[in-house]
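Presented below is the structure to which this report refers.
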Amino acid sequence: MTSWLVRASLNQGCDPLTFTQYYWPDYRLWTQDVDRGFSQVNSDIQHDIEIMARIDTEVDVPATLIIFADNLGAEIKTQAAPIAWTQPLSKRNRTSQIGYPHCPECLEVGKNAYLKLSWRYSWVMYCTEHYLKLQSQCIYCDQPYQPQMLQAQARYLNRCHYCEQKLAVAAVSEIVHLLAYNFQQWAEQVWNVRQGWILEQQVSAGEWFNLVLFYVRLIRRAIKRPNHMFGLLLTYFGFKLDDEILETGATGLALDLLSIDDRVELFKRVYHLLEISPEQWLDGCAECGVSQNSFKWHKEFQVPAAFMPVFLQLPQKTKRSPQKQIQTINPKSSEAVKQSWARLQRKIKIREFYEQNLIRK
């Protein structure tokens, strides 16, 4: 929807804000994430925008993240609730605090350029056409890329709204990590056919992606405690936790909020876990003393259905009766302090971007 509306407005020589206010004067449309979906699009408006955006008139209204969630089987509890496996934009008024992911080479085609909804999917890190890592910021001014803030004189989507420079490819974008790229291709195939094959069984796309999230959590636990059972388990599987500096997810944020670089590092390791057979899982768990109780991370946590062929064959350990402890005030761990500091730095940077936009206005 973002691409659809911004292209239509720029093709008519007006700002996206002016364009949407003409059609929907009662809505502050750009304060929302329009890619989620917007129901106030009747057939007349759709026909007008299709012509102005130079979209094939036989194409329906563009796919939305709500449709994506329905097809994936993800539950959306409220209208504003995050959608699993999609990157949020974190809007504040019209300003996005997180840049729209994009491939600068794809946007370089000028009037035919458009934003792909798939760039918002959390497993998408690379442009499969140009083999470049996606970007979310302008390399000249470091501002988040915000197509909804473009002015009429920009004409096309390949401009930064803040410095008005053409979006360019960053040098680091040329690096493609093969394992992460293979994971993206695998995930894309599962999404397209709505099913996948894992742990010697066929599962739905929703179950496959739930298993990936489970592996991500396991990896992040192992990184925090490399000498604990899960760290030892990944070492058994060939991970080199002691030899690598793993700063993935230093903020402790959810997967969808992580930067592309962090997701690349995580998905490289997830791809390795996805290739492990049930027999290897059982051997590794037996070697490292991992039982069913080891995966009960909190009361509400449920082991994903796709992992059950392994989980049900693990031994159960009797629950130990907790000893009564004297309540003491303990300082936070160094890991918790580092995460708090990283989150604070992230908030400061986002606030600086927002204030720069206010001053510019």
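The values are calculated or read from the model by the stated rules, or taken from the named source; none is laboratory data. These numbers come from a predicted model, not from an experiment. Cβ atoms come from the backbone with ideal geometry, glycine included; neighbour counts cover every protein chain shown. All accessible areas refer to the heavy atoms of the entire protein, side chains included, with ligands and DNA or RNA removed. Shrake-Rupley method; radii C 1.70, N 1.55, O 1.52, S 1.80 Å.
Computed quantities for the displayed model
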{"read-out": "Test: Trp4 is at pLDDT below 90 and crowded, with 21+ Cβ neighbours inside 10 Å", "value": "yes"}
{"read-out": "Residue list for region 190-202, restricted to those being open to solvent by less than 60 Å² (accessible area, probe 1.4 Å) and either part of a helix (DSSP H, G or I) or hydrophobic (A, V, I, L, M, F, W, C) (or both)", "value": "Val190, Trp191, Ile198, Leu199"}
{"read-out": "Enumeration of residues in region 227-249 that are modelled with pLDDT of 85 or more, in a loop (DSSP other than H, G, I, E, B) and farther than 19 Å from Phe183 by Cα", "value": "Asn227, His228"}
{"read-out": "Cβ pairs under 9 Å, 6+ apart, first in region 335-349 and on the phi < 0 side of the Ramachandran plot, second surrounded by 15 or more Cβ atoms within 10 Å (Cβ to Cβ) and of a type in the set (Lys, Arg)", "value": "Glu335/Lys224"}
{"read-out": "Failed condition for Gln79, given (1) in a loop (DSSP other than H, G, I, E, B); (2) surrounded by 15 or more Cβ atoms within 10 Å (Cβ to Cβ)", "value": "(2)"}
{"read-out": "Of all residues making up region 201-211, the number that are out of contact with any helix residue (DSSP H, G or I) (no Cβ under 6 Å at 6 or more places or on another chain) and either closer than 30 Å to His228 by Cα or among the acidic types (Asp, Glu) (or both)", "value": "3"}
{"read-out": "Residue ID - least open to solvent (accessible area, probe 1.4 Å), chosen from residues in region 113-138 that are under 21 Å from Met1 (Cα atoms) and basic (Lys, Arg)", "value": "Arg120"}
{"read-out": "Condition check for Ser294: more than 25 Å from the chain's Cα centre (by Cα) and at pLDDT below 75", "value": "no"}
{"read-out": "So Ala187, is it surrounded by 15 or more Cβ atoms within 10 Å (Cβ to Cβ) and either under 20 Å from the mean Cα position of the chain (by Cα) or under 22 Å from Met1 (Cα atoms) (or both)", "value": "yes"}
{"read-out": "Qualifying positions in region 252-274 - of a type in the set (Ser, Thr, Tyr) and open to solvent by 40 Å² or more (accessible area, probe 1.4 Å)", "value": "Ser259"}
{"read-out": "Every pair of residues 6+ apart whose Cβ atoms lie under 8 Å, when the first sits in region 2-16 and is assigned by the TED database to the domain that holds Met149 while the second is of a type in the set (Gly, Ala, Ser) and open to solvent by 10 Å² or more (accessible area, probe 1.4 Å)", "value": "Ser9/Ala152; Leu10/Ala152; Leu10/Ala154; Gly13/Ala152; Cys14/Ala152; Asp15/Ala152"}
{"read-out": "Val216 vs. criteria without any contact (Cβ under 8 Å) to a residue 60 or more places away in the chain, surrounded by fewer than 21 Cβ atoms within 10 Å (Cβ to Cβ) and not basic (Lys, Arg)", "value": "no"}
